[in-house]
C-alpha cells in the first residue's frame, strides 16, 4: 500500500509539473515580444520627431519675420497705420540708399539724398525706378535701417515695399514712402544719441521672374560691330 501510494504521489507530481510547464510561456517568446514593442515605440517616437521638425521648418520663416518686425532685428522697420501724435522739436537726418540685385535690369534711385524731419513728424520721400529691359518684369523691394538699433523706431505708413512692383519695358515709376521716426528714440540710452539713420532698399526679381537682358544704350547702338 505504501508502494502504491508512492506511485500515486509521483504521478501527481508529474501531473503538477506538466501543468506548470504548460502554463508558462517560453522565455524566448517573451524576449521577442518585448523587443518588437520596443522597436515600435522607437519608430513612432522618431516619426513624431521628424514631423515636428518639418512643421517647425515651415513655421520658422514667418516667426522670424514677426520677430524682426517686433524687435527691429536686422534693421527691420515697423509698419504703422497712422501718424504719430508726439512730435519733438529735435530733428533727425534720414539718408537714402537704393540698390538693384543682379538679374533685375532696373535703374533705381532716391529722388532726394536725405531729409531732416522733426522726430515724430510724418514725411514723404520719393524714389524712381525704370525698367531697362525689353520685357515686362516684376520686382520686390526689401529694406533695412542702419544703425539697427534705430530700426524699431522707424515707422512706415505707406511704402512701395509693401507690395511687388511690375514695370513694362522702358517704364519709369515714381514711388513714395511715408514714414516717421518715433519719439521714443530720444528716450532710450542706446538710441538717444543717434542723429542720422539710413533707409536702404534693394529690389530683387520676383520669384516667378527670369533674368532678362538690358536694353542697349545709345552709345552701344552707334558703336561699330566687329
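Remark: residue 121 matches the filter, which requires a residue to be over 24 Å from residue 207 (Cβ atoms) and part of a loop (DSSP other than H, G, I, E, B).
Report whether or not residue 127 is crowded, with 19+ Cβ neighbours inside 10 Å and modelled with pLDDT under 95. Answer is no for this residue. Only one entry of 90, 65, 118 meets the criterion of being over 17 Å from residue 198 (Cα atoms) and modelled with pLDDT of 95 or more, and that entry is 90. With the structure loaded, tell me whether residue 141 is in the same structural domain as residue 193 (by TED's automatic domain parsing), surrounded by 14 or more Cβ atoms within 10 Å (Cβ to Cβ), assigned to a strand (DSSP E or B) and in contact with a helix residue (DSSP H, G or I) (Cβ under 7 Å, 6 or more places away or on another chain) or whether it fails that test. In short, yes. Quick one: would you say residue 214 is part of a loop (DSSP other than H, G, I, E, B) and modelled with pLDDT under 95? Yes: the conditions hold for residue 214. Do we find that residue 151 is closer than 20 Å to residue 84 by Cβ and touching a helix residue (DSSP H, G or I) at 6+ places or on another chain (Cβ under 8 Å) in this structure? It is true that residue 151 is closer than 20 Å to residue 84 by Cβ and touching a helix residue (DSSP H, G or I) at 6+ places or on another chain (Cβ under 8 Å). Answer yes or no: is there a residue in the stretch 148-162 that is part of a loop (DSSP other than H, G, I, E, B) and either under 22 Å from the mean Cα position of the chain (by Cα) or surrounded by fewer than 16 Cβ atoms within 10 Å (Cβ to Cβ) (or both). Looking for residues that are part of a loop (DSSP other than H, G, I, E, B) and either under 22 Å from the mean Cα position of the chain (by Cα) or surrounded by fewer than 16 Cβ atoms within 10 Å (Cβ to Cβ) (or both), one finds none in the stretch 148-162, hence no.
The values are calculated or read from the model by the stated rules, or taken from the named source; none is laboratory data. From a predicted model like this one, the values you see are computed outputs, not experimental measurements. Every residue, glycine among them, receives a Cβ derived from its backbone with ideal geometry; neighbour counts consider all protein chains shown.
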